[in-house]
Amino acid sequence: MSGSRGKQAHHRARTATLVAVAFVVLLAAGAGWLWLRLDGNISTFDADGLSKNRPGAGVAGQNVLVIGSDSRSGGNKNLGGGEGDVGRSDTAFLLHVYRDRAHAVAVSIPRDTLVDIPPCLLPDGSWTSGRTRAMFNSAFSVGESAKGNPACTQNTVEKLTGLRVDHTVVVDFEGFSAMTSAVGGVPVCVPKDVYQGDLDPHRGSRGELLFAKGRQSVSGQKALDYVRVRHGIGDGSDIGRIQRQQAFVAGMVKKVREQGFNPATLLPLADAATKSLTVDPGLGSADKLLSFAMSLKGVDLHNIKFITVPWRYEGDRVDIVQPDAEALWASLKADRTIDGKDAGGERKAGPTAPASPAAPEQVSGEGVSVSVANGTRVGGLAARAAAQLEKHGYTVADTGNAEVRDAGTTVIGFGPGRAAEARTLARLFPGAYVHGVAANGITVTLGRDYAAAGGDGTSASQAPPAPAPSAANPGTLSADVAATARSADDDPCANLSYG
């Protein structure tokens, strides 16, 4: 490989392949003796940077945030000859392992997604100010250190989803080549011939053939080239690339499962994988990692799903679609699979659910202060909402008009420590988008949906408002979410690209 091609491979390689390392480590644990020798390989990150206002621990399954880092420091530089040593992340997913330990789903979050990033710890011990509508992958680069800022990304994901992240795993690509070689390559499918110019549209020429059309097995640098293909396949988007990356991770998990627990294969695989890992202190040893991984051995390949958070384009960025995403997070809290099944398994004894639905609980806002803004051109809407809130015991701090008055959907913003109060408030505004913000308190920005409902939260027919998605009421997932899901046993040639 030429020096130029190597530099480009390093510069633009997308790290879902690296994420596969962590996924395989979590899903392919074997004999304990194989892991005990690997303690020295595993690095941990400082948990002091985790938010002090985290979502509460639930009784459902576990959530593991997996981050791919393309830092060019250390041995990573040798893989592509890139310059600079600031840790960056272009790939991340939240792996939810259901309580029944028979299902798992990985939710990809596109790197360009616009999110709110809460205050984050810097290397000098100070904290940043929160940011709104920032690119998701910028959270990992806060502080511009070679190791990145996994705690900041974890805080961002918890703020985005309302889910508590139990563990975070960061994986770089220094060990990727050895890892893919250890499993004997990963099966992939290429829908058309791919040339060097497809990897680098600025090359100015077609270049050499990298992949011939059809099924093949890739490893090492070839695998890196495969997952960074963008312009040569599909619509040339990162969304399309995510789908191919999900297919690659699925293929890797399937390959390891098919090989079984063969020490000759697993030892070099585990050695390469753990050398590339940085984890939270809760997974900071081989026996802790083994204990978690062994709990996943019963997950059938068909029940390992890959999806992308509901999204839409916002210019050249990605926005999250509501209420679809909120329904997704609520379903994970409730341990319901994407096709609506209860995967909660055996739970601790508690109150028995009533045989028939009980009457909706009265919403009480006692002691809660709310600011209301009219995000529409409908006159008097904020005053009507304020009156409704006061009937339920809320204190309305102020009312007024929003700066932008063309809001289609009502938005409820909540500051640190106010998530539960905001979700209770959302029951009065069916369909509202609820999200965390940097400022303190709770705000309601009314949209045209509220005006269309008559300005009192009910429909024109006065039907009772449906409760907002919650752990008890997960809501209905969009059909598109289930339709685009990939299983780990799917054909590697199916559903490869958006567009």
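The values are calculated or read from the model by the stated rules, or taken from the named source; none is laboratory data. These numbers come from a predicted model, not from an experiment. Cβ atoms come from the backbone with ideal geometry, glycine included; neighbour counts cover every protein chain shown. All accessible areas refer to the heavy atoms of the entire protein, side chains included, with ligands and DNA or RNA removed. Shrake-Rupley method; radii C 1.70, N 1.55, O 1.52, S 1.80 Å.
Descriptive notes on the structure:
- A straight Cα-to-Cα reach below 12 Å connects residue 391 with the aspartates and glutamates 366, 456, residues fewer than 8 places away in its own chain not being considered.
- Cα shape, segment 102-149, gyration tensor, a/c 1.5 rule: prolate
- Shape category assigned to segment 358-399 from the gyration tensor of Cα positions, a/c cut at 1.5: oblate
- Simple spin-label estimate for residue 390 and residue 287 gives 6.3 nm between the two label positions (7 Å along the Cα-to-Cβ direction from each Cα).
- Per residue, the average separation of C-alpha pairs within less than 8 Å and at least 6 apart gives segment 122-199 a relative contact order of 16 percent.
- Under 5 Å, built H, 5+ apart or other chain: amide partners of residue 91: 15, 68
- Phi-derived couplings, Karplus 6.51 cos²θ - 1.76 cosθ + 1.60 at θ = phi - 60°, listed residue by residue for segment 302-314: 5, 9, 9, 10, 10, 9, 10, 3, x, 9, 8, 6, 10 Hz, with x used for Gly and Pro.
- Put simply, the amide H of residue 44, placed in the peptide plane, has neighbours under 5 Å in 279, leaving out anything fewer than 5 places away on its chain.
- In order through segment 203-212: 3J(HN,Hα) via Karplus (6.51 cos²θ - 1.76 cosθ + 1.60), integer Hz, x for Gly, Pro: 4, x, 8, 5, x, 7, 6, 9, 9, 7
- Restraint check, 52/333; 213/275; 192/275, Cα-Cα greater than 28 Å: 213/275; 192/275
- Å² of accessible area per residue within segment 180-293, as computed with a 1.4 Å probe and no ligands counted: 37
- Surface listing: 277, 50 arranged by accessible area from highest to lowest gives 50, 277, probe 1.4 Å.
- Element breakdown for segment 210-330 at a 1.4 angstrom probe: carbon and sulfur atoms account for 50% of the accessible area.
- Taking amide hydrogens as placed 1.01 Å from N in the peptide plane, the amide H of residue 210 sits under 5 Å from those of 194, 195, 196, each at least 5 positions away in sequence or on another chain.
- Taking a Cβ cut-off of under 11 Å around residue 318, the surrounding Lys, Arg, Asp and Glu residues balance to a net charge of -2, with basic ones at +1 and acidic ones at -1.
- In the assembled protein chains, residue 252 presents an accessible area of approximately 0 Å² (probe radius 1.4 Å).
- By the rule of a C-alpha distance below 20 Å, with chain neighbours fewer than 8 residues away ignored, the lysines paired with residue 297 are 254, 255, 288, 305.
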